[in-house]
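> Just passing along the structure, written as structure tokens.
Just so you know, all these numbers are worked out from the coordinates, no wet-lab data involved. Everything numeric here is computed off the predicted structure, so don't read it as measured data. For neighbour counting, all protein chains shown are included, and Cβ atoms are generated from backbone atoms with ideal geometry for every residue, glycine included.
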Ligand SMILES: [Ca+2]
Ligand SMILES: [Ca+2]
């Protein structure tokens, strides 16, 4: 079995999952080590849920069983680091996507911010939400707007906009 270690150092070769940046890999390594208290090189599957939760993804027990079954390739009942990375890479937010999303939202924002004031009156903002998701009831729009206009200025600036859009996106 020759697993040609052509790529640099860290072993992300097994399983599917996306390419991770060094930083992301470090986060996973730290999380893994924190839970691999006995330094066995593996973590019990029941802590995987906890780690994913720390990463911002709460899975139901069923979902968790499913993904663990999928990624515990040697069926050891434990996740070795490679198995863990393969699994977790599906839950780590890809940085590029975030940048792309930010750019996209910036464009949306500018489209509505016709006079380039750098902010939108809340009424205009509600119109955007209606357009993006016609199913949102009006009262809910009011709640969202209350929440998003964190400084109560009656306007939504790009950072406030970004905040609420990405929160929704990653929910
Ligand atoms: Ca295993
Ligand atoms: Ca504001």
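> Any idea what the relative contact order of the range 20-89 is, in percent, if you count C-alpha pairs under 8 Å spaced at least 6 apart?
Averaging sequence separation for qualifying contacts and normalising by length gives 36 percent for the range 20-89.
> For 20, 55, 132, what's the fewest-to-most ordering of other Cβ within 10 Å of each Cβ?
Starting with the residue having the fewest Cβ neighbours, the order is 132, 55, 20.
> Next question, about the same structure. Normalised by the residues of the range 52-162, what does the relative contact order come to in percent, with Cα pairs under 8 Å and at least six apart?
Over the range 52-162, the number comes to 21 percent.
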